[in-house]
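A.B. asks: Attaching a single structure in C-alpha cells format; questions to follow.
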Amino acid sequence: MPRSSSRRHHRRRRSKRTGTSWWRITFKWLAIFGFCAALIVVAGAGYLYSKISPTLPDVAHLSEVQLQMPMRVFTSDGQLVAEYGEKRREPVFISEVPDILSNAIIASEDQHFYSHPGVAWQGLARAGLHLVKTGKKGPGGSTITMQVARNFFLTRDRTYARKLTEIFLSLKIERELAKDQILELYINKIYLGQRAYGFAAAARVYYNKDIGDLTLPEAAMLAGLPKAPSTFNPIVNPERATIRRNYVLGRMLDLGMISATDYTSAKNAPVTASQYVVKPDVEANYVGEMARTRIKNLFGDTWATAGYRVFTTIDSKAQEAANLALRNALYNYELRHGYQGPVDTLDPEILADADLLFEQLDTYPEYGDLMPAAVVAVSPEQAVVITREGAEFSFDLAAVEWARERISVDERGDEITAVNEVLNVGDVINIQMRNDGTARFVQEPSVEGAFVSVSPTTGQIQALVGGFDYYRSKFNRVTQARRQPGSTFKPFIYSAALEYGDTPATIYNDAPVVFHDAALEGEWRPQNYSGRFFGPTRLREALVKSRNLVSIRVLREITVPFAIDHAKRFGFEEQHMPPDLSLSLGSASVTPMELASSFGVFANGGYKIEPHFIERIEDPRGNVIYTAPKVVLCDDCDPAVKSTMVEEMRAETLGLSTRPTLVAEVDPDTGEISSDYDPREAVMQLDIVNAPLVVDPRNAYIMNSMMRDVVRRGTARRAGEALGRSDLGGKTGTTNNQLDAWFSGFSKDHVAAAWIGSDGLDPLGRGEAGGVAALPIWTEYMQTMLQGVEDEPLPEPEGLERVRIDWKSGQPSAGDSGGETLLEYFYAENQPEVTKTQAAPRATTASSNGVVAAPASRQDQKEAVEELF
C-alpha cells in the first residue's frame, strides 16, 4: 500500500475512533446531567412536598362537603311551589349517571382518568413545553382529580405555587378516595353555565331532562362545557357549541366508547338545547315566600345554599281551587261595575306585521290567568282577538255586554247593544284563560282579595292566596293585612253571650237606638244593613239575619270587658279590639288568617288549634330534619299558655324580617332569652303540641248550629243553595261604606276565610256586601273540595237538651199553643221547664238595657221592665 494511501486510511480510522469517543463522552455527560437533574427535581419536589404537605386540606372533608344547593318548597303532595337560591344544583350518585355521559366527560377532560395517580405527566409535559416555547403559562395538564382539588379547596389564581399545591393535593386525593368517588364529586360540582352547577342541573336547564334521560349528542354537548361554559354555551353560541360537541364525539370514537354509526348519527343531530327555567307545578307564591322567610329565620345564612326541601301543608288541589275562586270573584266584581277601557291601542303598522304584533303583546304584564290580546277584527255581532302565542278567540254580544262605561264605582254608562260599541280594531284587552282552553273577556281587577283554608282539626293550612297575583303585589293580605271584620265578628260576641248565660232563644229588641258615648266620639246611631227594624228577635234569628242592633244590645248586656276576654280565647289580641260597643259590629282589626283560625274553634267543638304551613323539612339527601308536631286535643290545658306553633305564623302576621322568639327559648323563671338557644333544636324537639279547650263544647256546638242556619236560610243562603248540604256554617261580613266584604265558614274538614277590598281603602260600591262579593269565593272553593265527601255535621256533645219553643217569643211550648214552634238547644242545667201554663205564648218584656228574655232562660234573670228605643 502506498504511503499516502496508508496515511489516509490511518487518518480515517483515527477520525472514526475520535467521533465515536466524542458521542460516548457526550452521552455519558448527558446521562450524568439528567441523573443529577432528576435528583435535584426529586429532592426539590420532596422539599416542596415537605413544606406544602402540612398545609394541604383534609381530604376526608370531601365526603362531608355540603354542596351549595337552592331551597325548594313543595306542596304536601310533592308538587313544586318555588325554588330560591343563586346556584342550580341537583346532586346525584355516580350510579345514577349514564355511561354515555361519564364516558363523554372522560373523553373530553381526562382520557387517562382511570389509570393515572391524580396527575397526568403527559399533560404536564405539554404545559411545560408551551411555557418553554412561549414564555407564558398555557392550558393543559389538569386532570379531573386536579379540577376537583381546585374547585373544592383552592382559588382560581394562576400561580406556580397554586399549581404545585394542586398537584400535591390531587395525589393525596387519589390515595384516599376511589376513582368513582372523585368522578362523582366532579359531576356534582363543576360549573356549566346558566347558573347550573353539576351535570344533573345542566341537564335540567338545557334540556329539561333527568340526567339519566340524556341522549348521546346531549351528553357530548354537556361534556364539552367545562372547558369554557360561556364560549361553548349551546344557547348563546350554538355554532361553537356544535364544534365542541363534535370534538367530544370524535374523542369518544377514537377511544372506542362509541361506534362509527353512533358517531355519525350524533354528529348530524341538531342542537336542541334551550333555556328551561324551573317552573312551579302549583301557583302558591305567597306560601313560597312564607316558607323562605321561615327557613331563613330558623337556619340563618345557609337558608338558600343548604338544599333544604320544605314540604308545606298546602294541598295542590285546594290551592288551585282557591286561586281560581278568588280570581273569578275579582273578575265578577269588575263585571258588576263597568269597563275602564282598553289596556292600550296599537297602530295599524303593528297590526299589519305579525312579528311586531306578537313582540308588542309580549311587553304587557300577565298577572294571574290574564292574557293580553289584540282586537284584529270587529263587527256589531262579534270581535276577534289574537294573543302573543297566535291563539284566536271570538267574543259575541253576550260576552261584552257587561262592559258598560264605568263612570264611578256606583254608576255605569248606557247598555251595550253591539260589540263595536265596546271594542275597536287595535284595542289591547285582557282575557281570562280557562283550563278548558276557552277564554273570557275581562279586565284586570281594581280591587284585591285574600283567601285561606285551614284544617280545623290539625291546623294545617290547605290553601292560601294573599292577593290577585304575587307579582302584581307581594303584600300577603292573608297574614299581614289587618282589616275590620264587620259582622263576621258577631259569632264571638254571641258565643260570649252564651257563656254569660244567654241561650239561642233569648229575646233582644231590634229597634232604633242612639248612644251618647265619649269613647265613640259623640252621637252614634247604628242601623241594620237593610235600614229596617224587626222588633223582639231571638238570638239565633239575630245572627242568621245579621241584625246589628241586636248585636249592640247583646254586647251592652254582657259588657265589653267580658266579651273581649272571651274573644281572646279564640286568639284575637286585645290591642286590636276597641273597648266600646262598636266591637259588636266588627270594629276590631283582624287578618283573614286570624279569622279562619278562630272560626276553627266552632268547627272542631271548642279547641284552639294554631295554623301552620310547614309539614316537614328535609336535607338534600332526603333525611327528615323536622316534622310538624302532632296536634293533641287537651281538655284540661291552660288556654292562656301560648302554643309553640303560634310562632310559625307570628313572623308572617307581624311582617318580621328577623327570626322570631320561640316559646322554648325563654326561661320560664326569669323571662330572659337563653344564650345557648338553638332554634333548630327547639323546634325539632316538638313531638306533640297541645290544643287547649277554650270554650265549652256545648257553646261551640250551639254556635256551629246557629251558623249552619246562616248558610241554610240566612245571609249566606246562596252558598247553601249552591252546595246543598247541612254541615256547612259561616258568617258574612260587610264594613261601613262597603270598604270590606267578608265570609268565613266551615265544614268538618275545612275552615276558610275570604276577603275582598281595596288596599287604598276605597269603597267597593253599592251592594257589595259580604254575601255578594266574598261568599262566592268560599262557595266555589267548597264545591271543589267537597265533591264526593259525605255530609257530616259536628257531633252533638253531652249536656245539651232540645226543647220546643215558640218561634216568636222564644218561650217553651208544649206544642199545642197553635203558634209556630221549633226545637232549640239549651244547656241541660239551664233548660226551661215545659208546663201547660207555659204552652201559650206570653208577652215579652225588656230589661233596662234593651234585652228581652224568655223567662227561665237565664239563671240570673232580672226583673224585666219595658224599655223603648
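A.B. asks: Quick one: is E389 open to solvent by 20 Å² or more (accessible area, probe 1.4 Å), part of a helix (DSSP H, G or I) and not hydrophobic (A, V, I, L, M, F, W, C)?
C.D. replies: Considered against the rule, which asks whether it is open to solvent by 20 Å² or more (accessible area, probe 1.4 Å), part of a helix (DSSP H, G or I) and not hydrophobic (A, V, I, L, M, F, W, C), E389 comes out as no.
A.B. asks: Go through region 270-290 and give me each residue that's modelled with pLDDT of 95 or more, closer than 25 Å to D210 by Cβ and of a type in the set (A, V, I, L, M).
C.D. replies: V282, A284
A.B. asks: Okay, moving on. With region 456-518 as the region, which strands (runs of 3 or more DSSP E) entirely inside it contain at least 2 residues that are open to solvent by less than 10 Å² (accessible area, probe 1.4 Å) and in contact with a strand residue (DSSP E or B) (Cβ under 8 Å, 6 or more places away or on another chain)?
C.D. replies: Ranges flagged: 461-465, 507-510.
A.B. asks: Does region 720-736 include one or more residues that are in contact with a Gly (Cβ under 7 Å, 6 or more places away or on another chain), over 30 Å from D502 (Cα atoms) and touching a residue at least 24 places away in the same chain (Cβ under 8 Å)?
C.D. replies: No: region 720-736 contains no residue that is in contact with a Gly (Cβ under 7 Å, 6 or more places away or on another chain), over 30 Å from D502 (Cα atoms) and touching a residue at least 24 places away in the same chain (Cβ under 8 Å).
A.B. asks: Select from region 176-209 the residues that are touching a strand residue (DSSP E or B) at 6+ places or on another chain (Cβ under 9 Å) and in a helix (DSSP H, G or I) and write down the one among them that is surrounded by the most Cβ atoms within 10 Å (Cβ to Cβ).
C.D. replies: Of everything passing the filter in region 176-209, A202 is surrounded by the most Cβ atoms within 10 Å (Cβ to Cβ).
A.B. asks: So is G138 open to solvent by less than 40 Å² (accessible area, probe 1.4 Å), over 30 Å from Q462 (Cα atoms), at pLDDT below 65 and in a loop (DSSP other than H, G, I, E, B) or not?
C.D. replies: Judged against the criteria, G138 is a match.
A.B. asks: Just wondering, is there one or more residues in region 377-386 that are part of a strand (DSSP E or B), open to solvent by less than 10 Å² (accessible area, probe 1.4 Å) and either in contact with a strand residue (DSSP E or B) (Cβ under 9 Å, 6 or more places away or on another chain) or modelled with pLDDT of 95 or more (or both)?
C.D. replies: Yes: region 377-386 contains one or more residues that are part of a strand (DSSP E or B), open to solvent by less than 10 Å² (accessible area, probe 1.4 Å) and either in contact with a strand residue (DSSP E or B) (Cβ under 9 Å, 6 or more places away or on another chain) or modelled with pLDDT of 95 or more (or both).
Condition check ((1) part of a loop (DSSP other than H, G, I, E, B); (2) surrounded by fewer than 22 Cβ atoms within 10 Å (Cβ to Cβ); (3) within 22 Å of the chain's Cα centre (by Cα); (4) not β-branched (V, I, T)) across all residues:
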{"position": "L549", "(1), (2), (3), (4)": "no, no, no, yes"}
{"position": "L555", "(1), (2), (3), (4)": "no, no, no, yes"}
{"position": "A563", "(1), (2), (3), (4)": "no, no, no, yes"}
{"position": "F572", "(1), (2), (3), (4)": "yes, no, no, yes"}
{"position": "P579", "(1), (2), (3), (4)": "yes, yes, no, yes"}
{"position": "A588", "(1), (2), (3), (4)": "yes, no, no, yes"}
{"position": "M593", "(1), (2), (3), (4)": "no, no, yes, yes"}
{"position": "A603", "(1), (2), (3), (4)": "no, no, no, yes"}
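A.B. asks: Could you please give the count of residues in region 739-795 that are over 20 Å from S597 (Cβ atoms), open to solvent by 10 Å² or more (accessible area, probe 1.4 Å) and acidic (D, E)?
C.D. replies: 6
A.B. asks: Let me ask you something else. Residues in region 226-239: is at least one in a helix (DSSP H, G or I) and either in contact with an Asp or Glu (Cβ under 9 Å, 6 or more places away or on another chain) or of a type in the set (K, R) (or both)? So that I can check it myself, show each step before the final result.
C.D. replies: Within region 226-239, the first condition is being in a helix (DSSP H, G or I), and the residues that meet it are 238-239.
Checking the rest, the ones that are also either in contact with an Asp or Glu (Cβ under 9 Å, 6 or more places away or on another chain) or of a type in the set (K, R) (or both) come to none.
Taking every residue of region 226-239 in turn, none turns out to be in a helix (DSSP H, G or I) and either in contact with an Asp or Glu (Cβ under 9 Å, 6 or more places away or on another chain) or of a type in the set (K, R) (or both).
A.B. asks: Moving on. Could you tell me which residue of region 685-704 is farthest from P793 (Cα to Cα), considering only residues that are part of a strand (DSSP E or B) and open to solvent by 30 Å² or more (accessible area, probe 1.4 Å)?
C.D. replies: Ranking the candidates gives I688 first.
A.B. asks: Of the residues that sit in region 247-273 and are part of a helix (DSSP H, G or I) and in contact with a Phe, Trp or Tyr (Cβ under 9 Å, 6 or more places away or on another chain), which one is most open to solvent (accessible area, probe 1.4 Å)?
C.D. replies: The residue in question is L253.
A.B. asks: If you check E721 against the conditions, is it modelled with pLDDT under 95 and either acidic (D, E) or open to solvent by less than 10 Å² (accessible area, probe 1.4 Å) (or both)?
C.D. replies: When the stated conditions are applied, E721 does not pass them.
A.B. asks: Suppose the filter is open to solvent by 40 Å² or more (accessible area, probe 1.4 Å), over 30 Å from I314 (Cα atoms), modelled with pLDDT under 80 and among the acidic types (D, E); does D99 pass it?
C.D. replies: No; evaluated as a whole, the condition is false for this residue.
A.B. asks: Hey, any hits in region 114-121 for a residue that's among the small types (G, A, S), at pLDDT below 90, open to solvent by 70 Å² or more (accessible area, probe 1.4 Å) and part of a loop (DSSP other than H, G, I, E, B)?
C.D. replies: yes
A.B. asks: Looking at (1) more than 26 Å from S316 (Cβ to Cβ); (2) modelled with pLDDT of 95 or more, which is the one condition that is false for R766?
C.D. replies: Single failed check for R766: (2).
A.B. asks: Looking at A291, is it within 30 Å of Y626 (Cα to Cα) and out of contact with any Asp or Glu (no Cβ under 9 Å at 6 or more places or on another chain)? Even if it seems obvious, please write down each step before you answer.
C.D. replies: On the way: within 30 Å of Y626 (Cα to Cα): yes; out of contact with any Asp or Glu (no Cβ under 9 Å at 6 or more places or on another chain): yes.
Yes.
A.B. asks: Would you mention how many residues in region 513-554 are over 25 Å from F743 (Cα atoms) and modelled with pLDDT of 90 or more?
C.D. replies: 2
A.B. asks: Further question on the same structure: Sort out which residues of region 607-631 are over 16 Å from V689 (Cα atoms) and either in a loop (DSSP other than H, G, I, E, B) or open to solvent by 10 Å² or more (accessible area, probe 1.4 Å) (or both), and write them in order of number.
C.D. replies: E618, D619, P620, R621, G622, N623, V624, I625, listed by residue number.
A.B. asks: Okay, moving on. Within region 282-289, does at least one residue satisfy the condition of being under 30 Å from G449 (Cβ atoms), β-branched (V, I, T) and out of contact with any His (no Cβ under 6 Å at 6 or more places or on another chain)? Spell out the reasoning first.
C.D. replies: In the first step, residues of region 282-289 are kept if they are under 30 Å from G449 (Cβ atoms); the result is 282-289.
With the extra rule that they be β-branched (V, I, T), the set shrinks to 282, 287.
Filter once more, so that each one left must be out of contact with any His (no Cβ under 6 Å at 6 or more places or on another chain): 282, 287.
The answer is yes, given that some residue of region 282-289 is under 30 Å from G449 (Cβ atoms), β-branched (V, I, T) and out of contact with any His (no Cβ under 6 Å at 6 or more places or on another chain).
A.B. asks: Here are some conditions: (1) open to solvent by 30 Å² or more (accessible area, probe 1.4 Å); (2) of a type in the set (D, E); (3) closer than 30 Å to F602 by Cβ. E448 meets all but one. Which one does it not meet?
C.D. replies: Of everything listed in (1) open to solvent by 30 Å² or more (accessible area, probe 1.4 Å); (2) of a type in the set (D, E); (3) closer than 30 Å to F602 by Cβ, E448 misses just condition (1).
A.B. asks: Looking at G212, G288 in this structure, which one is within 30 Å of the chain's Cα centre (by Cα), outside any loop (DSSP other than H, G, I, E, B) and closer than 30 Å to A318 by Cα?
C.D. replies: Criteria check complete, one pass: G288.
A.B. asks: Being out of contact with any His (no Cβ under 6 Å at 6 or more places or on another chain) and over 21 Å from Q443 (Cα atoms): is that true of L351 here? If you could, list the steps in order and put the result at the bottom.
C.D. replies: Working: out of contact with any His (no Cβ under 6 Å at 6 or more places or on another chain): yes; over 21 Å from Q443 (Cα atoms): yes.
So L351 passes the test.
A.B. asks: While we're here: Would you mind stating whether E401 is among the acidic types (D, E), open to solvent by 30 Å² or more (accessible area, probe 1.4 Å) and in contact (Cβ under 8 Å) with a residue 12 or more places away in the chain?
C.D. replies: yes
A.B. asks: Within region 705-715, can one find any residue that is of a type outside the set (D, E) and not in a helix (DSSP H, G or I)? Outline the logic, then answer.
C.D. replies: If we filter region 705-715 for residues that are of a type outside the set (D, E), which is where we start, we get 705-708, 710-715.
Checking the rest, the ones that are also not in a helix (DSSP H, G or I) come to 714-715.
There is at least one residue in region 705-715 that is of a type outside the set (D, E) and not in a helix (DSSP H, G or I).
A.B. asks: Can you tell me which of L330, L357 is assigned to a helix (DSSP H, G or I), touching a residue at least 60 places away in the same chain (Cβ under 8 Å), open to solvent by less than 30 Å² (accessible area, probe 1.4 Å) and not small (G, A, S)? So that I can check it myself, show each step before the final result.
C.D. replies: On the way: L357 fails: touching a residue at least 60 places away in the same chain (Cβ under 8 Å).
Going through L330, L357 in turn, just one is assigned to a helix (DSSP H, G or I), touching a residue at least 60 places away in the same chain (Cβ under 8 Å), open to solvent by less than 30 Å² (accessible area, probe 1.4 Å) and not small (G, A, S): L330.
The values are calculated or read from the model by the stated rules, or taken from the named source; none is laboratory data. A quick note: this is a predicted structure, and the numbers were derived from the prediction, not measured. Using ideal geometry, Cβ is built from the backbone for each residue, glycine included, and neighbour counts are taken over all protein chains shown. What goes into the accessible areas is simple: the full protein's heavy atoms, side chains included, and nothing from ligands, DNA or RNA. Shrake-Rupley method; radii C 1.70, N 1.55, O 1.52, S 1.80 Å.
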